[in-house]
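Below: the structure, in structure tokens.
The values are calculated or read from the model by the stated rules, or taken from the named source; none is laboratory data. Keep in mind the model is a prediction, meaning the values are calculated, not measured. With ligands, DNA and RNA removed, areas are computed over all heavy atoms of the protein, side chains included. Shrake-Rupley method; radii C 1.70, N 1.55, O 1.52, S 1.80 Å.
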Amino acid sequence: MRIVRRPGAFVCGIDAAMDVIGGKWKVLILWALNERTCRFGELRRAVPGVTEKVLSSHLRELEDDGIVHREVYAEVPPRVEYSLTPLGLSLNAALEPLGQWGRDHIYRGTGEAPGQGGAADPGAEAGAGAAGPGSGEETGARTGEGAGSHAGAPEPVVGLGCGQR
């Protein structure tokens, strides 16, 4: 059963947004789905560390919130694909400034610009703007465990704070 959220149920818009994207994995799922439509196993590989139970639960919640579309194909074996809805694409666009803030925060005081060390500034690319699936511009909010603070840490990912894979 889908929970209907009333406008008065939240203190402010940030409260409502955090209700949709709250948790460790939801923004990473949005980032992966912004790249392309994915099957469950592809998403599990694209978001390392997430358990099947949590991924399944988050996908259901994002679907209930109208962020993710679940397409079931009547084939043998059954095939299910997940993609972003227009609302999900607009959410990723809204998260882009937060990703920029995260990149700036990671590199603050290091003397290294966000465009160095494997990270790229999405605004520097031709036609910068909200990236859509298949645009080639990565989005999401993943910077890796301790990115920017530990030697050998994964490189930051481009877009919403994500680095190149």
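Before moving on, here are some points about what is shown:
- Computed over protein heavy atoms with a 1.4 Å probe, the accessible surface of region 20-71 works out to 46 Å² per residue.
- Cα pair count fraction exceeding 17 Å, expressed as % - region 1-99: 52
- Just the protein heavy atoms count here, and of the accessible area of region 56-96 at 1.4 Å, carbon and sulfur take up 57 percent.
- The equivalent ellipsoid of region 44-115 has semi-axes of 33, 16, 11 Å, largest first, where each one is the square root of 5 times an eigenvalue of the Cα gyration tensor.
- Backbone geometry of region 52-59 corresponds, through the Karplus equation with coefficients 6.51, -1.76 and 1.60 at θ = phi - 60°, to 3J(HN,Hα) couplings of 4, 4, 5, 4, 4, 5, 5, 4 Hz, x marking Gly and Pro.
- Amide H contacts of LEU84: HIS69, each under 5 Å away and 5 or more positions distant or on a separate chain (H built 1.01 Å from N in the peptide plane; Pro and chain starts excluded).
- In Hz, Karplus ³J(HN,Hα) per residue of region 24-39 (6.51, -1.76, 1.60; θ = phi - 60°; x = Gly, Pro): 6, 10, 4, 5, 5, 5, 4, 4, 5, 6, 5, 6, 5, 5, 10, 7
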